[in-house]
Amino acid sequence: MAIHMPIISPRPSEAVPSFHPTPVTIQFGAVMRDLAAYIEAERDLEHCDSWDPACDAWIRDAERTRVRVLDGITALRGTPVCRREDLPLRRCADLARMLIESDCPEQVRDMLALPDRFPDFFRCAGDGPVARRVDLMVAAFQQHLHALARLPDFTGMVEADDLAIEPDAPNLMLAPAA
């Protein structure tokens, strides 16, 4: 005969905190994809000359992706903030816009140093799943910004030492997926 053994705990379970995307995090992901596409389009231009008609499509692609990433940043700025963890994402997007539109070497160098100089503005306080996930997004975006600064348009503006970035492995913990 079978013994009655409940498999469900008699106590109600507690809600497990997890990451739920907000409109800002969704738009930030789109900006990150657009920025990566812009970087790749600009890298394609490294090996062609402006006089070569075969490269004309690559030039148009690079211009389109630049406009797309700037439009995405503008849309992100218009997206309402739902939680305080959205603020570092907006600041990073603003930083990307300033970097893309900059033409001054000192400005580029100073903008790349801002996240290190003011970590409280570009990182989330706490170690909950939302803060960890947003910090991971910010770290990935900063790598994109450094890749952007390595493009030929920027390499003359920034010294190679300023572009060296090592991932901060202890701080890059993955948050559980929701």
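The values are calculated or read from the model by the stated rules, or taken from the named source; none is laboratory data. The shown structure was predicted, so the numbers you read here are calculated from the model rather than taken from an experiment. Positions of Cβ are generated from backbone atoms using ideal geometry, with glycine treated the same way; all protein chains shown enter the neighbour counts.
Evaluate the stretch 8-22: report whether one residue or more is surrounded by 15 or more Cβ atoms within 10 Å (Cβ to Cβ), farther than 16 Å from D153 by Cα and at pLDDT 85 or above.
yes
Among A75, A96, which is under 21 Å from F121 (Cβ atoms), at pLDDT 90 or above and hydrophobic (A, V, I, L, M, F, W, C)?
Criteria check complete, one pass: A96.
Which of the residues spanning the stretch 115-137 are touching a residue at least 12 places away in the same chain (Cβ under 8 Å), surrounded by fewer than 18 Cβ atoms within 10 Å (Cβ to Cβ) and part of a helix (DSSP H, G or I)?
F121, L136
Going through G78, G72 one at a time, which residue ends up being within 22 Å of Q143 (Cβ to Cβ) and small (G, A, S)?
Going through G78, G72 in turn, just one is within 22 Å of Q143 (Cβ to Cβ) and small (G, A, S): G72.
Is it the case that some residue within the stretch 50-71 is under 25 Å from F118 (Cα atoms), at pLDDT 90 or above, out of contact with any helix residue (DSSP H, G or I) (no Cβ under 6 Å at 6 or more places or on another chain) and surrounded by 12 or more Cβ atoms within 10 Å (Cβ to Cβ)?
The answer is yes; a qualifying residue exists.
If I filter the stretch 102-121 down to residues being among the acidic types (D, E) and modelled with pLDDT of 85 or more, which single residue comes out as nearest to L87 (Cα to Cα)?
Let us first name the residues in the stretch 102-121 that are among the acidic types (D, E), namely 103, 106, 110, 116, 120.
If we keep only those that are modelled with pLDDT of 85 or more as well, we get 110, 116, 120.
Values: D110: 20, D116: 16, D120: 11 Å.
Across the stretch 102-121, the extreme among qualifying residues is D120.
Which of (1) in contact with a helix residue (DSSP H, G or I) (Cβ under 9 Å, 6 or more places away or on another chain); (2) surrounded by fewer than 14 Cβ atoms within 10 Å (Cβ to Cβ); (3) modelled with pLDDT under 90; (4) not in a helix (DSSP H, G or I) is the odd one out, the single condition E166 does not satisfy?
It is condition (1) that E166 fails.
When you go through D161, D153 one by one, which is the residue that is charged (D, E, K, R), surrounded by fewer than 12 Cβ atoms within 10 Å (Cβ to Cβ) and at pLDDT below 90?
Sole residue among the options that is charged (D, E, K, R), surrounded by fewer than 12 Cβ atoms within 10 Å (Cβ to Cβ) and at pLDDT below 90: D161.
Determine, yes or no, whether A62 is under 18 Å from the mean Cα position of the chain (by Cα) and of a type in the set (G, A, S). Write out each step before concluding.
Working: under 18 Å from the mean Cα position of the chain (by Cα): no; of a type in the set (G, A, S): yes.
In short, no.
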